[in-house]
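First the structure, in the form of structure tokens, and then the observations on it.
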Amino acid sequence: MTNGLRPYPEYKDAGVPWLGAIPAHWAAMRCKYLFREVDTRSENGEETHLSMSQKHGLIPSKDMDGRRLHSESYAGGKLCQPHDLVLNRLKAHLGVFAHARQSGVVSPDYTVLRPAFPEHVAYFEHVFKTPACVSELRCSTKGIVEGFWRLYTDDFYRIRVPLPPAHERDAILAFVRSVDATVRRFIRNRLRLVEVLNEQKQAIIDRAVTRGIDESAPLKPSGIDWLGDMPEHWSVRRVRNVADLRVSNVDKHTKPGELPVRLCNYTDVYKNATIRADMPFMSATATAEEVKAFRLEVGDVIITKDSEDWQDIGVPALVEETAEDLVCGYHLAILRPKPMSVTGPFLAYALRSRSVVTQFSIAATGVTRYGLSHGAIKSIVLPVPPIPEQDGIVRHIDQATATLNHALRRATREIELIQEYRTRLIADVVTGKLDVRGFVPTEPMPADETADEPIEEVGLEDEEAELVEEAVDAAD
């Protein structure tokens, strides 16, 4: 993708620590000369509501993945127009910027910035997302706790960014579009592979936890429409009959007089099928009673209990290793298997089956978020074989999915690597470390590629998972 790109022939000190040296003919300007904040409010909220994410940029809320929850009224929201730059003030230190491609209304907590060079707003969007600039933005935010850090407009105005000549901004954007087209095709190919592998894995889990692995076992009607027939020696049980439920109320705060703990949070569960003691957990504190009630034990199954998207409800993670100071955080529920009823590994697989996911989606309710009540979790229905057969089913699934898991890890890692390469390459180009003035695309951008369209991501990104967690935090 670099096609032999080289540095510029001459550089100068930009006078900005985060930027370092820039091409000698570039300028470094304060944002106050490049943007002005606009704060025009919607009177009736009838404009198209736009939502922002790292995955999609700024798009109509109705186009967001999943059954997202939205406000009933957007009156009082901020209006934006095409080419405006919109930032989430609470997430500016994570590079949560996006330029508007259409008119609409956004959250009043967002900042709407009108650029002096509307045709090149995408260039500045790329600048603000470079790792070095994100660090600079982080230094400019103010607040007591990270979840409430804000980037105020005056602080944003003081930040200095590179300003190449207009024709070079055109060349840089053309290069970025070409890179993104190549990266996007690669990622789409890998995503198709990931989808196929996950479908194969899901089919193995569904078959094993609902029918077992003995093809000759006689069957009987389960009495449950969505389950159909099951081995005649199995039983249908509700979660309340096979596991104890504990819904954590341990928050992230550090309070004097409490015990230091490591907190297993929403993102730890959402992004990992298993929980181990050596994972990088958050440090917090908890009372002695909370530690006693919510300390994790080997064999526990933790599930996500609340989310702004129903598809993120009931996601399980099996505790494989634990420690004395490892405690379950809030917005999560612990299912602790009852002796001789169900094993943790089998329960974790059963909760991933389509039949249980469907039950979770039906049971999830809420107004400002989706959530599972204690009763809903306890009422989930499972087909339960004898303990020795559960162990055999788990071994079968582990073995049958081992190759698939390896291929999934490899495909996901390839996507991560190409995204990391893209980030480094674009950062070098937009900050003048590489000269693209003579760049000629080796192939035209396909007609179905959209210029400046955000690159697809795999699953829920760290930043998006944190936004989900903070959204449910804020609702409390």
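The values are calculated or read from the model by the stated rules, or taken from the named source; none is laboratory data. All values reported here derive from a predicted model rather than from experimental measurement. Cβ coordinates were reconstructed from backbone atoms using ideal geometry, including for glycine residues, and neighbour counts include every protein chain displayed.
Are any residues in segment 171-201 surrounded by 15 or more Cβ atoms within 10 Å (Cβ to Cβ) and either out of contact with any helix residue (DSSP H, G or I) (no Cβ under 7 Å at 6 or more places or on another chain) or assigned by TED's automatic domain parsing to the domain that holds TYR349 (or both), and if so, which ones?
If the condition is that a residue be surrounded by 15 or more Cβ atoms within 10 Å (Cβ to Cβ) and either out of contact with any helix residue (DSSP H, G or I) (no Cβ under 7 Å at 6 or more places or on another chain) or assigned by TED's automatic domain parsing to the domain that holds TYR349 (or both), then ALA171, ALA174, ARG177, SER178, ASP180, ALA181, THR182, ARG184, LEU191 are the ones that fit.
Being of a type in the set (Gly, Ala, Ser) and surrounded by fewer than 21 Cβ atoms within 10 Å (Cβ to Cβ) narrows it down to one residue among ALA348, ALA293, ALA317; which is it?
ALA293
Scanning for something assigned to a strand (DSSP E or B), modelled with pLDDT under 95 and closer than 25 Å to ASN198 by Cβ, does segment 365-383 turn up at least one residue?
yes
Looking at VAL440, is it part of a helix (DSSP H, G or I) and either buried (at least 18 other Cβ atoms within 10 Å of the Cβ) or at pLDDT 75 or above (or both)? Walk me through how you get there before you give the answer.
Working: part of a helix (DSSP H, G or I): no; either buried (at least 18 other Cβ atoms within 10 Å of the Cβ) or at pLDDT 75 or above (or both): yes.
Answer is no for this residue.
Exactly one of these conditions fails for LEU259: (1) modelled with pLDDT under 95; (2) surrounded by 13 or more Cβ atoms within 10 Å (Cβ to Cβ). Give me its number.
Answer for LEU259: the failing condition is (1).
This table checks each residue for (1) aliphatic (A, V, I, L, M); (2) in contact with a Cys (Cβ under 7 Å, 6 or more places away or on another chain); (3) under 21 Å from TYR349 (Cβ atoms).
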position	(1), (2), (3)
TYR157	no, yes, no
SER178	no, no, no
THR182	no, no, no
GLU195	no, no, yes
MET230	yes, no, yes
ASN241	no, no, yes
THR254	no, no, no
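Considering only segment 30-76, give the strands (runs of 3 or more DSSP E) lying wholly within it that have at least 3 residues that are at pLDDT below 90.
Counting at least 3 such residues, we get 50-53, 57-60.
So HIS406 fits all but one of (1) crowded, with 18+ Cβ neighbours inside 10 Å; (2) at pLDDT 95 or above; (3) in a helix (DSSP H, G or I); what number is the exception?
HIS406 satisfies all of (1) crowded, with 18+ Cβ neighbours inside 10 Å; (2) at pLDDT 95 or above; (3) in a helix (DSSP H, G or I) except (1).
Would you say ILE393 is more than 25 Å from ALA132 (Cβ to Cβ) and assigned to a helix (DSSP H, G or I)?
Values: more than 25 Å from ALA132 (Cβ to Cβ): yes; assigned to a helix (DSSP H, G or I): yes.
In short, yes.
Tell me yes or no: at least one residue of segment 191-211 is touching a strand residue (DSSP E or B) at 6+ places or on another chain (Cβ under 7 Å) and over 24 Å from ALA376 (Cα atoms).
yes
Please go through segment 292-312 and pick out each residue that is free of Cβ contacts under 8 Å to residues at least 40 places away in the same chain and either in contact with an Asp or Glu (Cβ under 8 Å, 6 or more places away or on another chain) or part of a strand (DSSP E or B) (or both). Don't jump to the end; show me each part of the working.
Step one: list which residues in segment 292-312 are free of Cβ contacts under 8 Å to residues at least 40 places away in the same chain, which gives 292, 295-297, 302, 304.
Matches in segment 292-312: ARG295, ILE302, THR304.
LEU245: of a type in the set (A, V, I, L, M, F, W, C) and not in a strand (DSSP E or B), yes or no? So that I can check it myself, show each step before the final result.
Details: of a type in the set (A, V, I, L, M, F, W, C): yes; not in a strand (DSSP E or B): no.
Criteria not met by LEU245.
Quick test of your reading of the structure: ASP251 fulfils all but one of (1) crowded, with 16+ Cβ neighbours inside 10 Å; (2) outside the structural domain of ILE362 (by TED's automatic domain parsing). Name the failing condition by number.
So the condition that ASP251 fails would be (2).
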